[in-house]
Amino acid sequence: MTTPPLVYLVAAERSGELLGADLIRSLRKARGDSIAFAGVGGAAMASEGVPSAVDIDGLAIIGWIDGLLAWRRVKERVALTVADILARKPDVVVLIDSWGFMLRVAQGVRAADPSIKLIKYVGPQVFATRPGRAKTLAETVDHLLSIVSFDAPFYTEFGLPVTFVGNPTLERMPVGDGAAFRARHDLPAEAEVMLVLFGSRPSEIRRMYDVLVRALARVLAHRPALRLVIVLAEPVKDVVREKLAAETRLPDDLIIVEEAEKGDAFAAVDLALATSGTVITELATSGVPTVAAYRLGWITWALIRMLNVMKSPYTTLVNMASDSNLVLEHVQTRCTAGRLSASMEGLLQAPQRRLEIGQALRQATDDMRGEGRASDRAAEVVLQYLPQV
């Protein structure tokens, strides 16, 4: 009996493994059970029948200093991942997002077995920072699946084949039922409602929770009738629940929901306050006016400023793609309770502006979507690297 070709997927954090789960479904749709899968990931990939060969807990790392502090853990998990790949000898390895971790895995596999094809899914944002990574990636992998339309020239210059597939995040968000959400949670149709997303990484909760709560408390002091809906990201939901249970600066009538209600929640709210990440693109797809906040470690931020590695005036993909400040960004020194609350109150006081922003966000994400079917298009590329069965 012929052994089916093996696709090995590696995802080191939640957003990446959601892409991995989408890709697995698309590959199965194209080839049924004639492909075998293995990999490293989390719950989303496990639900598709691909349990993780390596524990990814603690690998969702942002910033140089956090990376240094986690170096021993990262090095260990890289070695375990490379060893598992070499033992299974897949036909293709798909390395999803998470630049530092995936680069080390790719380099380890390539050095030990150059016959294994390597596909990077989501490139580092060389159009915004550290363009030298394009050459490094071109020397390490066989193909790049890009989720943005404007970064291909950075890589093709060094001979790396690039396929723009679109961003599956833009297709993943269902059209939510805002009226049903409000009815379920006793929110009157006329009530002002704000969505709050604290982040999906433990480091984000440590850095962002307090400043976001202080900003919310300022707004609530002026608008006590404002209702808050908090959507908990799966990887940190227990940590955030524990913090909220002890919180004295926020009202008792918080509506706390998990990711299963995210689509309906997005459709029910007037605006959002969110830690920057993939969720900003999801909010934009739903047309939710958003105040985005982010803080890196201060040493990492100082190095970024000193080395002038940021080439874009924006940090969110939506703003980069539209070349405008549709999402109100507050990063590092601008990420203060006062500035965040001022932006939120400005939006709350301007319903017409919110409407215009929502329409512009939907248009921007429509433009970013490309031809659609992003995961199917990614699967088509992966299939090109598999033996025909």
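Quick notes on this structure:
- Enumeration of residues in the stretch 118-146 that are in contact with a Phe, Trp or Tyr (Cβ under 8 Å, 6 or more places away or on another chain) and of a type in the set (V, I, T): I119, V126
- Identity of the residue in the stretch 268-296, touching an Asp or Glu at 6+ places or on another chain (Cβ under 6 Å) and touching a residue at least 60 places away in the same chain (Cβ under 8 Å), that ends up nearest to E17 (Cα to Cα): T275
- On the stretch given as the stretch 53-83, residues that are at pLDDT 60 or above and part of a helix (DSSP H, G or I) total 13.
- Meets criteria (within 24 Å of the chain's Cα centre (by Cα) and open to solvent by 40 Å² or more (accessible area, probe 1.4 Å)) for R353: no
- Residues that are touching a Lys or Arg at 6+ places or on another chain (Cβ under 8 Å) and surrounded by fewer than 21 Cβ atoms within 10 Å (Cβ to Cβ), drawn from the stretch 208-222: Y209, V211, V213, R214, A217
- Residues of the stretch 227-251 that are modelled with pLDDT of 95 or more and acidic (D, E): D238, E242, E247.
- For the stretch 13-36, the tally of residues that are part of a helix (DSSP H, G or I) and β-branched (V, I, T) stands at 1.
- One residue stands out among those in the stretch 90-145 that are among the hydroxyl-bearing types (S, T, Y) and more than 20 Å from the chain's Cα centre (by Cα): the one that is surrounded by the fewest Cβ atoms within 10 Å (Cβ to Cβ), which is S115.
- Scan the stretch 172-185 for residues that are modelled with pLDDT of 95 or more, among the hydrophobic types (A, V, I, L, M, F, W, C) and open to solvent by less than 60 Å² (accessible area, probe 1.4 Å) and the total you get is 2.
- Of the residues P153, P188, the single one that is open to solvent by 30 Å² or more (accessible area, probe 1.4 Å) and in a loop (DSSP other than H, G, I, E, B) is P188.
- On the stretch given as the stretch 223-281, residues that are part of a strand (DSSP E or B) and surrounded by 15 or more Cβ atoms within 10 Å (Cβ to Cβ) total 14.
The values are calculated or read from the model by the stated rules, or taken from the named source; none is laboratory data. As the structure is a computational prediction, the values presented were derived from the model and not from experiment. Cβ coordinates were reconstructed from backbone atoms using ideal geometry, including for glycine residues, and neighbour counts include every protein chain displayed. Please note that ligands, DNA and RNA were not included when accessible areas were found on the heavy atoms of the full protein model with its side chains. Shrake-Rupley method; radii C 1.70, N 1.55, O 1.52, S 1.80 Å.
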